[in-house]
Amino acid sequence: MARQEEYTPPKVWTWDAENGGEWAKLNRPIAGATHDKELPVGDHPFQLYSLATPNGVKVTLLFEELLEAGYSDAEYDAWLIKIGDGDQFGSGFVELNPNSKIPALLDRSGPEPVRVFESVAIMMHLAEKFDAFLGPAKARPELLSWLMWQMGSAPFLGGGFGHFYAYAPYPMEYPINRYAMETKRQMDVLDKHLAENEWMVGGEYTIADMAIAPWYGRLALGGAYNAGEFLSVHEYKNVIAWAERIEARPGAKRGKMVNRTFGEPHEQLHERHSAEDFATKTQDKIG
């Protein structure tokens, strides 16, 4: 392994705002709002503030799957939070999520509004509210285990491998190798599990599939960090087949579009306020 210039940590760390690569301006060592900005509010029971990163897609995928399954009370407004512009540090957003990360949800379906933040917390909240996509009761421990696995593992893929491979100021061999190895180990965990299971939990499509797919299914299909060849994702045939099953679902297709600001124009739905919003995008594709 080629050795790069050695770094000796100082006795006391200090923040260098210029250090950190492409997304450096989004990070700081303190919490709280940087400016006053109220959040918009629509007409539906659920108000989602998000962006179509993998964590954001988890929730819009679930919302659209609920609606596809006939849960009409799951209607929602999805408002775009432009993290590149610092929207997540506005006072209204910080009030919903003190951690200043997307997604954040305001649930107005009950007598008092309820805030929910962290993507899997939002998914559990919605799945339990509608008693949907939770799998068999006897498989609940397995469901929770895979949800916690995703929450603990994905940072190694995103903040670890993705950051150093795609966004760091310059290529660094040690962290890329370290996180590539861990990412491939995680993909192998999934591939071995899916070799014997159509879905992640209990033989049913659940929020475990919806939580894992935006990270690992996307990677398996070559859509993360342009790293498919580098990580030899073709090796994970069971993950690929599972990801393709999810990609074929109408609800999942719509969920991927919501709050999306990249890709082909017909794939982007910056805000979602009704089912009719998708019809316009279909016409855009045809046109």
Among 47-53, 59-65, how do they line up from the highest to the lowest mean number of other beta-carbon atoms within 10 Å? 59-65, 47-53
Relative contact order %, the chain, counting alpha carbon pairs below 8 Å whose residues are six or more apart: 22
Report the net charge of residues surrounding residue 241, where surrounding means a beta-carbon distance below 12 angstrom and charges are Lys +1, Arg +1, Asp -1, Glu -1. -2
The answer for the net charge of residues other than residue 140 whose Cβ lies under 13 angstrom from its Cβ, with Lys and Arg +1 and Asp and Glu -1, is -3
PRE zone check, label point 7 Å out along Cα-to-Cβ of residue 151, amide N under 16 Å, scope the stretch 29-69, hits 55-56, 58-59
Assign unit charges at the C-beta atoms only (+1 for Lys and Arg, -1 for Asp and Glu), then state the dipole size of the stretch 137-248 relative to its Cα centre in Debye, rounded to the nearest 20. 220
Relative contact order for the stretch 137-248 using alpha-carbon pairs under 8 Å, separation at least 6, rounded to a whole percent? 26
Net charge within 14 Å of residue 36 by Cβ-Cβ distance, Lys/Arg positive one each and Asp/Glu negative one each, not counting residue 36 itself? -2
Given only helices, namely DSSP H runs of n ≥ 4 each adding -39500 (n - 2.57), what is the per-residue ellipticity at 222 nm of the chain, to the nearest 500 deg cm²/dmol? -11500 deg cm²/dmol
Cα→Cβ-extended label distance, 7 Å offset, between residue 192 and residue 95, nm: 4.9
Hey, with R₀ at 45 Å, roughly what FRET efficiency would residue 69 and residue 235 work out to, going by the Cβ-Cβ distance, to 0.05? 0.85
Applying 1/(1 + (r/R0)^6) with R0 = 35 Å to the Cβ-Cβ distance of residue 253 and residue 168, what FRET efficiency is obtained, to the nearest 0.05? 0.60
Packing rank of 85-94, 30-39, where each peptide gets the mean count of other beta carbons within 10 Å, highest leading: 85-94, 30-39
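Every number in this text was worked out from the coordinates using simple rules, so none of it is lab data. The structure displayed is predicted, hence computed values, not measured ones. Heads up, the Cβs are rebuilt from the backbone with ideal geometry, glycines too, and the neighbour counts pull from every protein chain shown.
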